[in-house]
Structures are given as C-alpha cells and as structure tokens.
Amino acid sequence: MSTLRPVGFIGLGIMGMPMARHLAKAGYPVTVFNRTKEKAIAAKSFGAKMAVTPREAAEGKHFLITMLTNPEAIRVVMDGRDGFLASRAPGLTWIQMSTVDIDSTLGFAKQADQKGWQFIDCPVTGSKKQVEAAQLILEAGATPEVLKRARPLLTCMGKTLIHAGPIGTGTTLKLCMNLIVAQMTSAIAESAALAEASGLDPAQIFEVLKQSTALDCGYFRIKEEAILKNDFKAAFSLDNMLKDVRFILKEASKRQQPLPVTAGVLQLLEQASREGMGGKDVSAVYLALTRHKEL
C-alpha cells in the first residue's frame with residue numbers, strides 16, 4: 001500500500017492524462033474524473049481509480065488537481081451537489097493547473113479558503129511532447145509553506161518548479177509566457193508565408209534559424225515539421241491559444257498597458273478559428289495566411 005497522500009485529478013485531456021499517469025507511476029494513489037467517461041476508463045491502465053462525480057474525485061483526498069480548458073469548465077465540475085466543493089476533504093490542497101485569467105484564479109482561491117482548503121495556482125509551460133516526458137515548467141503562486149508540502153507531487157510532472165510569488169502570480173507568469181509563445185508562433189508562420197509567396201522554400205528559413213546561435217530554439221524546431229509538412233495535429237490547440245491571448249489582453253487593458261503586437265496576433269488567431277482551424281495546432285495560423293486550407 002502506498003504511503004503517499006491520495007490525489008484527485010480532474011481533466012484528462014492532452015495534458016491531464018500524462019500528468020495523472022506520472023503521479024500514479026510515482027506511487028501516488030490517484031482518483032480521476034473526466035466528463036468524457038472513456039478517458040477516465042483509459043486511466044485505469046496505469047492504476048488510477050475512476051470517480052463517477054467530481055465530488056467523489058475530491059472526497060477524502062489530500063490533493064486535488066484541476067487541469068481543464070477554461071474557467072467555465074472548472075465551475076462545471078466545482079459547483080452543485082456533485083461538484084468537488086461539496087466533498088468532505090479536510091486539509092485538502094487544491095492545485096489549479098489550468099490556464100485561466102487572474103480574476104478567476106483569485107476567485108477560486110477564495111472559494112478554497114471558505115472550505116478551509118489550501119490553494120496553489122500552478123499553470124504549466126510546455127505542450128504534448130514535454131508533458132509526456134515530465135519535462136514541464138511549473139509556475140506556482142502560493143505561500144512558501146503550502147508550496148513546500150506540494151513540491152514532491154508537483155515535481156513528478158515537470159522538470160522545473162518556479163515559485164512566482166503569492167496566489168495569482170503563477171497565472172500572471174503563465175500569461176506572460178504565452179504572450180511570447182503566441183508571438184513566436186505568428187512570427188514563424190508569417191515568415192514562412194512570406195517566403196512561399198516570394199517563391200522561396202520556407203525550409204531555408206528553418207535552416208538559417210538552426211545555424212544561428214541567437215535564434216535557434218526548441219520551439220521553432222518543434223513547429224518546423226508542422227509548417228513544412230502541413231501536419232497540424234494539435235500539441236496545443238489554436239483555440240486554446242486564442243483563449244489565452246484574450247486573457248492576456250484583458251489583463252493588459254485593466255492595467256492600461258498597450259500590447260499592440262499581441263492585439264494583431266489576436267486578429268490572426270480569430271481569423272484562423274473562424275475558418276475552422278481552432279482544433280488544429282496553434283501553428284495552423286500559417287494556413288490562414290497562405291490559404292492552403294486542408295481541413
């Protein structure tokens with residue numbers, strides 16, 4: 001029998017499933033809930049128990065992790081008779097790992113406090129390849145004491161844990177990081193589109209990047225195959241990035257901080273989503289620019 005504290009895990013998408021698997025592999029007793037039942041059943045393959053309701057997933061647990069698409073999805077599993085806030089779990093620490101807006105993060109923390117629970121806001125940087133290899137970067141907002149108790153669990157899912165500061169700063173740091181990713185994606189897509197329109201093989205752009213000490217980076221290498229082979233299977237979906245860029249611009253507007261380039265990226269993402277690319281990888285903005293829509 002495991003001596004590690006029991007964990008409830010809600011949300012078994014591209015990111016959540018391998019994260020739950022890493023915890024189970026490390027010896028944590030994991031109980032999962034997913035609104036699509038088939039995914040929860042699949043988690044049995046690595047020893048997870050399947051909860052029928054979010055409330056059951058949290059009942060009697062020491063940790064609860066949520067890894068869902070947006071604040072609305074969190075509220076669906078949080079509220080009501082079967083929501084996890086209705087569970088009996090004295091001393092639980094809720095680790096909220098979804099990328100949401102700052103107001104939602106602070107609101108969730110307040111609801112956790114009203115239950116007598118601890119709260120960590122801990123979104124992650126990385127996508128499918130990194131999560132499968134437990135190489136995520138975790139950006140945490142919490143008190144040092146609470147984070148210290150959760151550190152062994154969190155480091156099962158990633159290679160680096162950054163303590164950004166108090167609750168809310170983990171979300172802030174993640175949004176700042178996704179601003180960079182959004183602009184890097186649009187930059188490489190626009191560069192490849194301009195090359196193609198000018199009769200140049202876009203592969204030459206990636207060759208120059210690889211030879212440049214300053215510009216060579218893992219992200220461009222990851223997106224090279226998608227753009228050159230028109231293979232846009234989602235590692236991080238375009239609609240998820242669109243959601244995050246809207247959050248970024250919302251936070252900037254509240255602080256009267258102009259982000260003109262990010263505002264332009266928003267328009268490109270919205271165009272691509274309208275044209276049916278929302279479920280594809282975020283690099284599919286290239287299709288919106290070149291009109292090679294193989295949907």
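The values are calculated or read from the model by the stated rules, or taken from the named source; none is laboratory data. None of the values given here were measured: they were computed from a predicted structure. Heads up, the Cβs are rebuilt from the backbone with ideal geometry, glycines too, and the neighbour counts pull from every protein chain shown. These area figures cover heavy atoms from the full protein model, side chains too; ligands, DNA and RNA do not enter into them. Shrake-Rupley method; radii C 1.70, N 1.55, O 1.52, S 1.80 Å.
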Item to check | Residue check for Gln204: of a type outside the set (Phe, Trp, Tyr), at pLDDT 95 or above, over 13 Å from the mean Cα position of the chain (by Cα) and farther than 22 Å from Gly8 by Cβ | outcome: yes
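Rundown of residues vs (1) buried (at least 22 other Cβ atoms within 10 Å of the Cβ); (2) of a type outside the set (Phe, Trp, Tyr); (3) within 27 Å of Glu56 (Cβ to Cβ), yes/no style:
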| site | (1), (2), (3) |
| --- | --- |
| Val76 | no, yes, yes |
| Asp79 | no, yes, yes |
| Gln96 | yes, yes, yes |
| Lys129 | no, yes, no |
| Thr171 | yes, yes, no |
Checklist outcome for this item: By residue number, the members of segment 256-282 that are open to solvent by less than 50 Å² (accessible area, probe 1.4 Å), closer than 14 Å to Ile180 by Cα and touching a helix residue (DSSP H, G or I) at 6+ places or on another chain (Cβ under 7 Å) are Leu259, Thr262, Ala263, Val265, Leu266, Val282
Item to check | Where a residue in segment 132-157 is of a type in the set (A, V, I, L, M) and open to solvent by 30 Å² or more (accessible area, probe 1.4 Å) and its partner, wherever it lies, is modelled with pLDDT under 95 and assigned to a loop (DSSP other than H, G, I, E, B), with Cβ under 7 Å and at least six apart | outcome: Ile137/Gly126
Checklist outcome for this item: Listed by first then second residue, the pairs whose first member lies in segment 76-98 and is on the phi > 0 side of the Ramachandran plot, whose partner is assigned to a loop (DSSP other than H, G, I, E, B), with beta carbons under 9 Å and at least 6 positions apart or on separate chains, are Gly91/His62; Gly91/Gly116; Gly91/Trp117
Checklist entry - Among all residue pairs at least 6 apart or on different chains, which show Cβ distances below 6 Å where the first residue, located in segment 183-211, is more than 15 Å from Glu225 (Cα to Cα) and the second is part of a loop (DSSP other than H, G, I, E, B)? => result Ala195/Pro202; Glu196/Pro202
Item to check | Lone qualifier among Ala42, Ala57, Ala86 - being over 19 Å from the mean Cα position of the chain (by Cα), within 19 Å of Gln118 (Cα to Cα) and open to solvent by 20 Å² or more (accessible area, probe 1.4 Å) | outcome: Ala86
Next on the checklist: Looking at Gly27, Gly11, Gly83 in this structure, which one is under 23 Å from Ile137 (Cα atoms), in contact with a Lys or Arg (Cβ under 9 Å, 6 or more places away or on another chain), of a type in the set (Gly, Ala, Ser) and at pLDDT 95 or above?
Outcome noted: Gly11
Next on the checklist: Tell me whether segment 248-255 contains one or more residues that are open to solvent by less than 50 Å² (accessible area, probe 1.4 Å) and without any contact (Cβ under 8 Å) to a residue 40 or more places away in the chain.
Outcome noted: yes
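Quick one: is Met19 of a type outside the set (Lys, Arg) and buried (at least 23 other Cβ atoms within 10 Å of the Cβ)?
On the way: of a type outside the set (Lys, Arg): yes; buried (at least 23 other Cβ atoms within 10 Å of the Cβ): yes.
So Met19 passes the test.
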Checklist entry - Is it the case that Thr155 is of a type in the set (Val, Ile, Thr), touching a Leu at 6+ places or on another chain (Cβ under 7 Å) and at negative phi? => result yes
Next on the checklist: Of the conditions (1) farther than 30 Å from Leu268 by Cα; (2) open to solvent by 60 Å² or more (accessible area, probe 1.4 Å); (3) of a type in the set (Ser, Thr, Tyr), Thr160 satisfies every one except a single condition; which number is it?
Outcome noted: (2)
Checklist outcome for this item: In the set Ala203, Ala193, Ala214, the lone residue that is open to solvent by 70 Å² or more (accessible area, probe 1.4 Å), farther than 30 Å from Ser98 by Cα and aliphatic (A, V, I, L, M) is Ala214
Checklist entry - Among the listed residues Ala58, Ala48, Ala40, Ala20, which satisfies the condition of being at pLDDT below 95 and touching a strand residue (DSSP E or B) at 6+ places or on another chain (Cβ under 9 Å)? => result Ala40
Checklist entry - Looking only at segment 227-240, which residues are at pLDDT 95 or above, buried (at least 17 other Cβ atoms within 10 Å of the Cβ) and under 23 Å from Glu207 (Cα atoms)? => result Ile227, Phe232
